[in-house]
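The values are calculated or read from the model by the stated rules, or taken from the named source; none is laboratory data. Just so it is clear, the structure is predicted and the values come from calculations on it, not from any experiment. Quick reminder, even Gly has a Cβ in these numbers, built from the backbone with ideal geometry, and neighbours come from all protein chains shown. Heads up: the accessible areas ignore ligands, DNA and RNA and are worked out on the full protein's heavy atoms, side chains in. Shrake-Rupley method; radii C 1.70, N 1.55, O 1.52, S 1.80 Å.
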Amino acid sequence: MTEPTVADGGGTARWLRGPFRPFQHGQYRLLTGSLTASLLGEGLWLMAMVWQVIALGGGAVDLSIVSTGTAVGMVATALLGGVVADRVPQRRVLLVTETVLATAAIAIAVLALLGVVQIWHLAAVALIRGLGSGFYYPAYSAMLPSIVPASHLLAANGFEGMLRPVVLQAAGPALASLMVAAHSPAAALTVGAVAQVAAMAFLILLRPVALRRDRSAEAEGHPVRSMLADLREGFVYMLKTPWLLATLIFSALMVLLVMGPIEVLIPFAVKDGAGGGPKDHAIVMAAFGVSGALASLIMASRKLPRRYLTAMNVMWGLACLPFVLIGVANQIWLIVVAAFVLGALFNAPMVIWGTLLQRRVPPALLGRVSSLDFFVSLVFMPISMALAGPVSEAVGLTPTFVIAGLLPLPIAIAAILLARMPADEIAHPLDHPDEDAVPETAATAR
């Protein structure tokens, strides 16, 4: 279950340095291959599903029903997924999840090709995909430190941060659009099913990775009570860890303040404030996605900042300031620039955050802590989107953007000071001399 560590000098190919250094490890190559195929399948589904609903004569209500299925599924399993990821070998969790997703993708593609697909079929698959997401993210996050050395985690998380906008938000939808235009939504759903099967195949090739939790000394009890005790342990750890609790509270408030403006109000800023149209909105969102991918890749090529807690939270606070420019802009190019800066400063700290969890959270708790992080985002995201419209109508579009832009930074500073993050990050540096070693076994990883 181990791989020899590959040194960065001599025998290492030049392209395997910098942000690509985790690719020295075969296990990581397989895991990333699976993630890439899975993200491609998700991107294809998101676009194909919309046009399949339209092809069936469905409207906004039908599309909302299908989309809600995904959200409901993710919320339902977000916390449970973390408990499972800390109790069951993560490769097994990922493989079962991808097998279920591939089966659902094949089923909906066959129904579409036969011309018998219905809205409720799409809603059922959306629910299954949401349920799978709740299990996938905690298991992936908990598994990564088992297959790459600590010094490569920042690069691995940065590469993942680059993959999501490029594959999920750009390549997948673009390929689906081409398939729909050239053939039909059924064709796009079929390609998505192929991508999900490929994601499953990569995981089959991945060697088993032992659970980084010694359960031999744990007393066996009723499964439900045992899992509830595991969940409680995760919450207790969060409440007793100041840097974690403060960052999660800040990120929850930030999501509440900014996700609605991003998803709901930017189109109106483009249309009403700058006189733009759908193409201009697409350019704005592309700027956000491209800068996020670039920032993630740049962060992956660097070392973790010495003041990693302070840098992460301050960057998130500063990332929101461009909302002020979006709110007052009367030209499209100003909104594009603001979106570019927003995407870069929002995504770069995400790379630090993922690495920080994997480096400082005890291995036995990592799945649960990752799921708590996932759950916070899921809960506050729809609330923010639901409030954005009414708030903008009550106080105005520009004031809403100004509020979203100015409030996060003082909240970030308060979180840093109240949790005493500067002292914490100095007391717990993440530059240990053995960080280049690949964990020999999951059982001995600390």
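Brief remarks follow.
- Hydrodynamic radius of region 22-105 per Kirkwood, over alpha carbon pairs, in Å: 15.1 Å
- With one equal scatterer per alpha carbon and no solvent term, the Debye-computed log10 I(q)/I(0) for region 272-316 at 0.13, 0.25, 0.32 1/Å reads -0.48, -0.91, -1.09.
- A 1.4 Å probe run over the chain, with the rest of the protein chains in place, finds 43 Å² accessible per residue.
- With every protein chain in place, region 51-126: carbon and sulfur % of accessible area (1.4 Å): 74 percent
- Positive-end residue, the chain charge dipole about Cα centroid, Cβ charges, pick of 298, 287, 410: 298
- Taking every Cα-Cα distance in region 98-249 and sorting them into 5 Å bins starting at zero, the pair-distance distribution P(r) comes out as 2, 7, 10, 15, 17, 14, 12, 10, 7, 4, 1, 0 percent.
- Under the Debye formula (equal points on every Cα, no solvent term), log10 I(q)/I(0) of region 70-163 at q = 0.10, 0.11, 0.12, 0.14 Å⁻¹: -0.34, -0.40, -0.47, -0.61
- Annotation: Cα Rg of region 330-427 relative to the compact-globule expectation 2.2 N^0.38 Å equals 1.36.
- Three principal axis extents describe the C-alpha atoms of the chain; from largest down they are 58, 55, 52 Å.
- Region 28-187 - Rg and Dmax from Cα coordinates, angstrom: 16.4, 52
- Compactness of region 110-167, expressed as Rg and Dmax over alpha-carbon positions, Å: 17.1, 51
- Ellipticity at 222 nm from helices only: DSSP H runs of n ≥ 4 in the chain, each -39500 (n - 2.57), divided by the residue count, give -24500 deg cm²/dmol.
- Pairs of alpha carbons in region 276-378 whose separation is greater than 17 Å (percent): 60 percent
- A probe of 1.4 angstrom, applied to the heavy atoms of all protein chains, finds residue 280 with accessible area near 40 square angstrom.
- Put the Cα centre of region 385-420 next to the Cα centre of region 251-293 and the gap is 15 Å.
- Take the chain and mark each of the GluC sites (Glu not before Pro) that is in a DSSP loop with at most 15 other Cβ atoms within 10 Å; the longest unmarked stretch, sites excluded, is 1-217.
- Ellipsoid fit via the Cα gyration tensor, region 313-370: semi-axes of 34, 9, 8 Å, each the root of five times an eigenvalue, largest first.
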